[in-house]
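Chemist: I am attaching a structure below and will ask some questions about it afterwards.
The values are calculated or read from the model by the stated rules, or taken from the named source; none is laboratory data. Everything numeric in this text was worked out from a predicted model, so none of it was measured. Cβ placement follows ideal geometry from the backbone for every residue including glycine, while neighbour counts extend to all protein chains displayed.
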Amino acid sequence: MKKRIQTILVFIILLAGSKSNGQGCVAVRPMGCAVGGSAENNGLLMKKQFQVSASYRYFESYKHFKGDTEQVERVIDKTNVINISHSVDLGVTYGLSSCFSVAINLPVIYFDRSSLYEHYGNSTTTNPDQLRFNTGSKGIGDLRLSGYYWLFNPHNDSLKGNISFGAALKAPTGNSNVLGDFHKISSEGTDSLVNKAVDQSIQLGDGGWGFNLEISGFKKLFKNCWGYYNGFYLFNPQNYNSTITRGTLVNVDPIIAYHSIADQFAGRIGLNYTLLPKHGISLSLGARAEGVPSHDLIGESDGFRRPGYIISSEPGLSWNHKKLFCSLNAPVALYRNRTKSVYDLADPSGLRHGDAAFADYLINLSLRYQFGGMKH
């Protein structure tokens with residue numbers, strides 16, 4: 001109960017002012033939280049107006065953390081895991097009115113993961129040449145159907161601020177049991193391949209139905225300067241999916257036998273300044289947080305997961321020309337924490353604490369184009 005109360009408090013803080021995007025072995029899926037703020041993605045649509053969007057995200061995670069302590073020896077010894085992620089979130093939004101719109105989003109994902117421990121092992125005894133091998137996945141992620149409502153008419157030129165509320169249904173269209181070939185070596189030095197599920201962090205989906213709530217807002221502070229905030233929480237009520245964590249149930253603790261279907265959260269807050277109004281060029285600077293909680297708000301939290309969160313600074317540049325909008329954000333990690341999972345917390349000694357790899361920075365590039373619509 002204490003852990004759930006803490007998670008609720010984190011969620012309330014995020015809703016009060018923020019939004020974000022996941023990095024590394026903490027498996028935050030490419031969702032609305034991974035492509036910028038909802039107010040931006042939703043746009044200011046007129047009735048019967050369409051918006052098409054594509055949001056690209058890239059990161060490379062390679063630094064391991066246990067709690068908020070970096071395991072620097074992993075990079076020095078080259079035993080670290082390296083995840084490379086490319087994803088494009090494709091979206092279509094339609095304005096049912098000046099205040100209410102609906103959207104459909106589908107991420108297209110490419111993951112590559114290299115490691116020693118999943119194959120020959122990190123030890124120089126089992127892997128004397130310290131050989132590193134790759135696994136990966138590519139395809140569609142989990143589809144989202146969303147609705148957004150602006151509290152005030154966003155086309156009111158005298159408006160100094162606004163708030164948008166959103167809700168979405170997440171469908172498990174992404175494969176949550178992608179298989180890959182893992183290299184194993186015998187005592188005689190013979191290499192063989194074992195086909196089993198790839199790591200949870202590079203699975204295309206989580207395998208469960210879910211829903212999320214969002215809030216976005218902006219407020220004019222002074223000439224050409226606006227404050228913004230976004231909050232996002234994905235509820236995944238199901239406990240775990242059918243993907244076996246280690247490829248076999250032999251010698252696996254039942255708590256982590258299968259992949260957990262975990263909640264995720266994100267938040268974002270900052271300032272946007274219109275540097276060149278005639279040319280539609282703006283600069284932004286903000287803070288963002290994202291992560292996976294140890295305990296879900298609804299349902300059980302068994303299964304294998306790597307909970308944790310990242311806090312980043314987020315500089316950005318955007319360009320707006322008529323109905324075309326482009327933005328580039330590059331969040332830089334300031335604080336990373338791999339928190340204890342349900343499995344870790346079950347250790348009576350209190351010593352068990354898994355690790356996870358995080359990225360130093362992200363690259364987020366978004367393009368939006370609007371067409372059609374009725375004059376307001």
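Chemist: Return the residues of segment 271-294 that are crowded, with 20+ Cβ neighbours inside 10 Å and under 19 Å from the mean Cα position of the chain (by Cα); say none if nothing qualifies.
Modeler: GLY286, ARG288, ALA289, GLU290, GLY291, VAL292, PRO293, SER294
One line per residue, one yes/no per condition, for (1) more than 23 Å from GLU290 (Cα to Cα); (2) under 17 Å from the mean Cα position of the chain (by Cα):
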position	(1), (2)
PHE182	yes, no
SER192	yes, no
ASP206	no, yes
GLY210	no, yes
GLU214	no, yes
GLY217	no, no
LYS220	yes, no
CYS225	yes, no
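Chemist: Evaluate the following for LEU297: is it closer than 26 Å to ILE269 by Cβ and either charged (D, E, K, R) or modelled with pLDDT of 95 or more (or both)?
Modeler: Working: closer than 26 Å to ILE269 by Cβ: yes; either charged (D, E, K, R) or modelled with pLDDT of 95 or more (or both): yes.
Spelling it out, LEU297 is indeed closer than 26 Å to ILE269 by Cβ and either charged (D, E, K, R) or modelled with pLDDT of 95 or more (or both).
Chemist: Looking only at segment 180-200, which residues are within 30 Å of GLY141 (Cβ to Cβ) and touching a Ser or Thr at 6+ places or on another chain (Cβ under 8 Å)? Quick ask: steps written out before the conclusion?
Modeler: So in segment 180-200, the residues within 30 Å of GLY141 (Cβ to Cβ) come out as 180-184, 193-200.
The answer is GLY180, ASP181, PHE182, HIS183, LYS184, LYS196, ALA197, VAL198, ASP199, GLN200.
Chemist: If you go through segment 141-162 one residue at a time, how many are in contact with a strand residue (DSSP E or B) (Cβ under 6 Å, 6 or more places away or on another chain) and either surrounded by 15 or more Cβ atoms within 10 Å (Cβ to Cβ) or of a type in the set (Phe, Trp, Tyr) (or both)?
Modeler: Number of matching residues: 12.
Chemist: Quick check, is ASN230 under 25 Å from ASP344 (Cα atoms) and touching a residue at least 60 places away in the same chain (Cβ under 8 Å)?
Modeler: In short, no.
Chemist: How many residues, within segment 354-376, are assigned to a loop (DSSP other than H, G, I, E, B) and within 22 Å of the chain's Cα centre (by Cα)?
Modeler: Summing the residues that are assigned to a loop (DSSP other than H, G, I, E, B) and within 22 Å of the chain's Cα centre (by Cα) in segment 354-376 gives 2.
Chemist: Among the residues of segment 225-283, count how many are aliphatic (A, V, I, L, M) and in a strand (DSSP E or B).
Modeler: Count: 9.
Chemist: Any chance segment 325-344 includes a residue that's part of a strand (DSSP E or B) and of a type in the set (Ser, Thr, Tyr)?
Modeler: Among the residues of segment 325-344, at least one is part of a strand (DSSP E or B) and of a type in the set (Ser, Thr, Tyr), which makes the answer yes.
Chemist: Moving on to the next point. Taking segment 136-156, which residues are assigned to a strand (DSSP E or B) and under 20 Å from TYR228 (Cβ atoms)? Walk me through how you get there before you give the answer.
Modeler: Our first condition is that a residue be assigned to a strand (DSSP E or B); within segment 136-156, this holds for 136-140, 143-150.
The answer is SER146, TYR148, TYR149, TRP150.
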